Amino acid sequence: MRLIGPNNEQLGVVPTQRALAHAQDLGYDLVEIAPNSTPPVARILDFGKYRYAEQQKAKEAKKRQRSVTWKEIRITPKIDEHDIETKIKSASKFLDEGDKLKVTVRFRGRELAHPDRGRVLLLQVADRLKDHGIVERMPLLEGRSMIMVMNPVRRDAQGAPTPQAPASTPSPAPIAGAPAPKAVAASPAAPAPRPAAAAAAPAPAPRPAAAAPTPAPKPPAAPPPAQTTSAAPPSTPRPASTPPAAPSAAPRKRTN
């Protein structure tokens with residue numbers, strides 16, 4: 001058999017009697033851990049500690065296992081708003097505990113003629129429970145009952161941490177003893193020599209700016225009509241009004 005030492009060291013393929021004697025000399029037990037392999041694998045260890053470790057592993061695995069528990073709430077198409085609120089509170093509690101939920105609508109008598117009411121009611125329940133569970137099976141009519149199945153929301157998937165952005169790569173530190181790089185000041189470019197006045201090329205004539213379009217001339221305004229004033233003849237002064245003659249005071253002669 002292939003023998004493994006107490007510190008997980010490989011001791012090679014040895015006969016069974018020799019492996020058992022070697023384990024007794026070390027004060028341990030010889031435990032066969034892979035009987036179906038070729039050759040079989042055995043390990044030198046303390047069998048009591050090994051059995052205790054295996055029991056602890058089985059217990060932890062049993063804790064992680066969770067049996068699926070079904071919960072059910074039953075409602076009717078004519079349920080009152082207060083009653084449906086009570087049902088939703090119970091359903092949210094079942095889903096938060098990790099149980100599967102079955103929501104059933106029972107039709108009585110002639111209520112079966114309107115199954116759409118039960119479907120609308122179940123969809124409303126699913127919408128109110130969207131923070132606690134997801135719909136596994138949509139509403140389906142089975143006999144005189146319409147059934148909808150919901151699964152609990154996995155909290156570990158919601159609380160998964162978001163990956164952080166990688167940190168920026170730091171700039172390499174300067175090597176000790178290496179000369180520091182000298183900062184070279186940017187010298188201004190040397191001005192080009194000015195050509196002689198005789199060789200100076202004549203400056204190009206400036207381009208005339210594009211003439212703006214002149215507006216069309218306005219027709220001259222007609223002169224205002226001349227006012228003819230006729231010379232009025234000089235008015236003659238009116239004579240002053242003479243007062244009427246006063247009656248004579250002499251008596252008139254009466255004739256028969």
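Summary of computed values
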| read-out | value |
| --- | --- |
| Added length on full extension, which subtracts the Cα-Cα distance from 0.36 nm per residue, THR86 to ARG154 | 22.1 nm |
| Separation of the ARG110 and HIS22 label points, Cα + 7 Å toward Cβ, nm | 9.0 |
| Gained length - MET138 relative to LEU11, 0.36 nm times residue gap less alpha-carbon distance | 39.6 nm |
| Under 5 Å, built H, 5+ apart or other chain: amide partners of VAL153 | GLY133, ILE134 |
| Apportionment of accessible area to carbon and sulfur, the range 62-151, percent (1.4 Å) | 48 |
| Contour excess over end-to-end distance, with Cα ends at ASP46 and LYS59 and 0.36 nm allotted per residue | 2.6 nm |
| Three-way shape call for the range 58-160 based on the alpha-carbon gyration tensor, with the a/c threshold at 1.5 | prolate |
| ASP46 long-range amide H proximity, modeled H, under 5 Å | ASP29 |
| Karplus (6.51, -1.76, 1.60) ³J(HN,Hα), θ = phi - 60°, over the range 15-23, in Hz, Gly and Pro reported as x | x, 5, 5, 5, 5, 5, 5, 5, 5 |
| Percent of beta bridges antiparallel (DSSP, the range 1-49, rounded to nearest 5) | 75 |
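The values are calculated or read from the model by the stated rules, or taken from the named source; none is laboratory data. As the structure is a prediction and not an experimental result, all values here were calculated from the model. All Cβ positions, glycine included, derive from the backbone under ideal geometry; neighbour counts span all protein chains shown. Note: accessible area is taken over every heavy atom of the protein model, side chains too, but ligands, DNA and RNA are not part of it. Shrake-Rupley method; radii C 1.70, N 1.55, O 1.52, S 1.80 Å.
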